[in-house]
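The values are calculated or read from the model by the stated rules, or taken from the named source; none is laboratory data. Quick caveat, the model's predicted, so the values are computed rather than measured. Heads up, the Cβs are rebuilt from the backbone with ideal geometry, glycines too, and the neighbour counts pull from every protein chain shown. These area figures cover heavy atoms from the full protein model, side chains too; ligands, DNA and RNA do not enter into them. Shrake-Rupley method; radii C 1.70, N 1.55, O 1.52, S 1.80 Å.
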Amino acid sequence: MSFIADRLNKISPSQTIAISAKARALKAEGRDIISLSAGEPDFDTPASIKAAAIKAIETGQTKYTDVAGTPALRAAVAERFRLDSGLDYKPEEIIVSTGGKQVIYNAMVATINKGDEAIIPAPCWVSYPDIVALADGIPVIVPCRAENGFKLTAEDLEAAITPKTKWFFLNSPCNPTGATYSAEDLRPLCDVLLKHPHVWVFTDDIYDKLVYDGFKPATIVQVEPRLRDRTVTMNGVSKAYAMTGWRIGFSGAPLELTKAMNKLQGQSTSNPCSIAQAAALEAVSGPQDFIATMCETYRERRDLVVSMLNQASGITCGRPEGAFYVFPSMNGCLGKRTQKGVIIDRDEAFVTALLDEEGVAAVHGSAFMFAGHFRVSYATDTESLREACTRIQRFCASLS
């Protein structure tokens, strides 16, 4: 009998983290590596946010806080939801956790019973299916067609719902595709959900401030307030405020569920770091103007990457309206052979050979439950992106 719990056999290590770690290891060995695999802003945390953390240390804010977060931060998060999306959450309906991933974990473990289903549109972030499985649920992966901008249709959502469905996940803007849902896009999905009162909604809005070309993002409760009583609205500071390492995520949800998540968190990690909470308070309640500056830089990088990837043989790449990823198809490279004799028989072989032969780290689409593609993060400096795309062009041109 294995000492390790059987439940761990249901999950696998994060493939995005694994590829980033491999890229760092190769770089440490002296290889010339450009990593486009991490979902992390290359911008520094704004000075005002760092100053708030330093002040918190100097004034002794180093003790335990309430499990769900400080009252000041929970109130500020509720106000941020109101200002950004018109959502009316009370501070007691807010929970602050150690990153958005813990919010997801708390919600799933607190609600899923063995055999409950969770609908997950794909391509999807790598952790959704594993967290559902770890909670004894069944991930139901629903492919979203590239020709529809990788967006879920109301018809596909309707077809996926069964009496066992407990959750529906929606991530907009989406990791890995950058696909974004407007209010008009969400309306048909909301209409389907209204017909199925047993289905709860988990909406991951962590990238909602990173949008381009005048796009106006929307979220489920904003579009359909009647779904408020069965929706978790999740966000955080990691992406828009360049605070990945601070590990602060938060959600607004009906009070009964928030209390259940608080109970679970209280017997696992307890409160998030008090200093990180002080920094997050400044992030959500302080100046927001730097976000527009960051978005403009991302937009320029996106346009560069899309243009250069579409010039690579066998690659086609759409132009997403949000997040900081593109998700090009590499189907035109399938069946070909690299200079070192590697046959490109699947997307994982493509990214593995690309890293080995050209020193560019990307993530294969199968990691996101969508084969035949790969994810490129353009959250890195422009010159590195230009060089990486040049290497991708060279790699694709060398295939035979």
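Within the option set 239, 209, being surrounded by fewer than 21 Cβ atoms within 10 Å (Cβ to Cβ), assigned to a loop (DSSP other than H, G, I, E, B) and under 14 Å from the mean Cα position of the chain (by Cα) holds for one residue only, 209. Scanning region 306-329 for residues that are touching a residue at least 12 places away in the same chain (Cβ under 8 Å), surrounded by fewer than 17 Cβ atoms within 10 Å (Cβ to Cβ) and among the small types (Gly, Ala, Ser) yields a total of 1.
A residue that is more than 21 Å from the chain's Cα centre (by Cα) and more than 24 Å from residue 256 (Cβ to Cβ) occurs nowhere in region 84-107.
Conditions tested, residue by residue: (1) part of a loop (DSSP other than H, G, I, E, B); (2) touching a strand residue (DSSP E or B) at 6+ places or on another chain (Cβ under 6 Å); (3) more than 16 Å from residue 18 (Cα to Cα); (4) in contact (Cβ under 8 Å) with a residue 24 or more places away in the chain.
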| residue | (1), (2), (3), (4) |
| --- | --- |
| 352 | no, no, no, no |
| 357 | no, no, yes, yes |
| 374 | no, yes, no, yes |
| 384 | no, yes, yes, yes |
| 390 | no, no, yes, yes |
| 394 | no, no, yes, yes |
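For region 212-223, a residue qualifies if it is open to solvent by 10 Å² or more (accessible area, probe 1.4 Å) and either charged (D, E, K, R) or closer than 17 Å to residue 165 by Cβ (or both), and the qualifying residues are 213, 216. Within region 1-34, the set of residues being open to solvent by less than 50 Å² (accessible area, probe 1.4 Å) and of a type outside the set (A, V, I, L, M) comprises 14, 16, 20. Taking region 244-283 as the range and being open to solvent by less than 10 Å² (accessible area, probe 1.4 Å) and over 29 Å from residue 112 (Cβ atoms) as the test, the residues that pass are 279, 283.
Based on what the data block shows, is residue 13 over 28 Å from residue 132 (Cβ atoms) and either in contact with a helix residue (DSSP H, G or I) (Cβ under 8 Å, 6 or more places away or on another chain) or modelled with pLDDT under 95 (or both)? Taking the combined requirement at face value, the residue does not satisfy it.
In the set (1) of a type in the set (A, V, I, L, M); (2) in a helix (DSSP H, G or I); (3) over 30 Å from residue 142 (Cβ atoms); (4) open to solvent by 20 Å² or more (accessible area, probe 1.4 Å), residue 109 fails one condition alone, (3).
Scanning region 298-305 for residues that are touching a strand residue (DSSP E or B) at 6+ places or on another chain (Cβ under 9 Å) and open to solvent by less than 40 Å² (accessible area, probe 1.4 Å) turns up at least one hit.
Of everything listed in (1) touching a residue at least 24 places away in the same chain (Cβ under 8 Å); (2) over 17 Å from residue 35 (Cβ atoms), the single unmet condition for residue 341 is (1). Close contacts from region 46-74, counting a first residue that is over 11 Å from residue 272 (Cα atoms) and at pLDDT 95 or above and a second that is in a helix (DSSP H, G or I) and charged (D, E, K, R), with Cβ to Cβ under 7 Å and a gap of 6+ residues or different chains, come to 48/282; 49/282; 52/282. Figure legend. Inter-residue proximity from region 178-189: first residues free of Cβ contacts under 8 Å to residues at least 12 places away in the same chain, second residues among the acidic types (Asp, Glu), beta-carbon distance below 6 Å, spacing 6+ or different chains. No pairs are indicated.
Looking only at region 330-357, residues that are open to solvent by 30 Å² or more (accessible area, probe 1.4 Å), under 13 Å from residue 374 (Cβ atoms) and of a type in the set (Asp, Glu) come to 1 in all. Are any residues in region 147-165 open to solvent by 50 Å² or more (accessible area, probe 1.4 Å) and in contact (Cβ under 8 Å) with a residue 40 or more places away in the chain, and if so, which ones? Within region 147-165, just 164 meets the criteria.
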